[in-house]
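Participant: Okay, here's the structure, questions in a sec.
The values are calculated or read from the model by the stated rules, or taken from the named source; none is laboratory data. These figures come from a predicted structure and were not determined experimentally. Every residue, glycine as well, gets a Cβ built from its backbone with ideal geometry; the counts of neighbours run over all protein chains shown. To get the accessible areas, we keep the full protein, side chains included, count just its heavy atoms, and leave off ligands, DNA and RNA. Shrake-Rupley method; radii C 1.70, N 1.55, O 1.52, S 1.80 Å.
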Amino acid sequence: MSTSKLSPVFIEAEHIPLAGGGLHYYPQYIAEPDPLYEQLRENIPWQQPILDIYGRRHLTPRLVAFVGDSGLSYRYSGHRHYADVWPPEVLALRERIAEDTGYDFNCALLNYYRNGDDSMGYHSDDEASLGGDPCVASLSLGCGRDFLMKPKGLKTRSRKIHLASGSLLLMLPPTQRHWQHALPARKGLAQGRINITFRKVVLSLAD
Ligand SMILES: O=C(O)CCC(=O)C(=O)O
Ligand SMILES: [Fe+2]
């Protein structure tokens with residue numbers, strides 16, 4: 001049997017067990033995140049979709065993009081989104097994450113939080129098109145931000161994880177079934193952050 005030397009990425013990995021799920025957190029998955037952050041911020045065709053919440057229209061409080069394998073679409077936040085082609089640096093990340101974790105993905109949602117006013121509310125990544133129990137891999141670049149989690153049905157958070165620049169958070173099955181997560185606003189924070197969540201749309205289940 002071959003014994004391969006573990007890279008620092010895995011030595012520092014933290015497993016966070018959750019009742020009905022679990023996380024793997026790799027704080028320094030990317031050694032030099034700043035150039036990648038700048039590159040994506042400048043080159044991704046960011047959009048700000050309009051959300052319909054109880055009949056009122058709101059601009060999404062962050063910028064988004066959706067990339068993936070050709071022809072793939074994914075329904076989230078009330079709209080169907082068609083995948084843009086993979087930017088080469090995001091495709092390379094997908095391949096590296098698949099190799100390192102054993103999970104493969106066919107699309108990614110990118111979120112650009114321009115400053116601390118931008119946010120994402122509580123939700124689960126549990127769309128039918130992701131199949132019953134998806135693994136979601138979340139890569140963070142730029143300003144560190146708090147990521148909150150709470151069991152479905154509870155009002156208050158029960159976990160807070162500070163997502164550092166260059167970190168990778170794996171939300172393991174069946175986390176999406178039992179937990180919600182959010183990225184709250186942090187008033188006064190001037191720096192931006194980009195998060196990429198890699199997902200696998202199960203084509204036969206696409207709605
Ligand atoms: O920005 C984050 O860390 C979370 C993003 C997220 O939950 C999502 O895209 O579904
Ligand atoms: Fe999410």
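Participant: Give the shape of the range 10-205 as rounded, prolate or oblate, defined through the alpha-carbon gyration tensor: a ≥ b ≥ c are the square roots of its eigenvalues, a/c under 1.5 means rounded, and otherwise the shape is prolate if a/b is larger than b/c and oblate if not. It would help to have the intermediate numbers written out before the result.
Facilitator: Working: a/c = 1.05, a/b = 1.02, b/c = 1.03.
Rounded, since a/c falls under 1.5.
Participant: With all protein chains present, calculate the accessible area of Trp46 using a 1.4 Å probe and round the result to the nearest 10 Å².
Facilitator: 50
Participant: Using a probe radius of 1.4 Å on heavy atoms only, what accessible surface per residue do you get for the chain? Whole Å² is fine. Mind showing how you got there, number by number?
Facilitator: Working: 10690 Å² over 207 residues.
About 52 Å² of surface per residue is accessible.
Participant: Quick one: which residues, 5+ away or cross-chain, put their amide H under 5 Å from the amide H of Trp179? H built at 1.01 Å from N.
Facilitator: Lys152
Participant: What are the radius of gyration and Dmax of the range 50-146, computed over its Cα atoms and given in Å?
Facilitator: Using the Cα atoms of the range 50-146, the pair Rg, Dmax is 14.4, 44 Å.
Participant: Now for a different question. Could you point to the residue in Tyr103, Val64, His162 farthest towards the positive end of the chain's charge dipole, with +1 and -1 charges on the Cβ of Lys/Arg and Asp/Glu respectively?
Facilitator: After comparing all options, I get His162.
Participant: Of the heavy-atom accessible surface of the chain (probe 1.4 angstrom), what whole percent is carbon and sulfur?
Facilitator: The computed percentage sits at 53.
Participant: Right, here's the next one. Per DSSP H run of n ≥ 4, the term is -39500 (n - 2.57); total these for the chain, divide by its residue number, and report the mean residue ellipticity at 222 nm rounded to 500 deg cm²/dmol.
Facilitator: On the way: 4 runs with 33 residues, N = 207.
Taking each H run of at least 4 residues, the total per residue is -4500 deg cm²/dmol.
Participant: How many lysine pairs in the chain, separated by 8 or more positions in sequence or lying on different chains, have Cα atoms less than 24 Å apart?
Facilitator: Working: Lys150/Lys160; Lys150/Lys187; Lys150/Lys200; Lys152/Lys160; Lys152/Lys200; Lys155/Lys187; Lys160/Lys187.
Lysine pairs satisfying the spacing and distance rule in the chain number 7.
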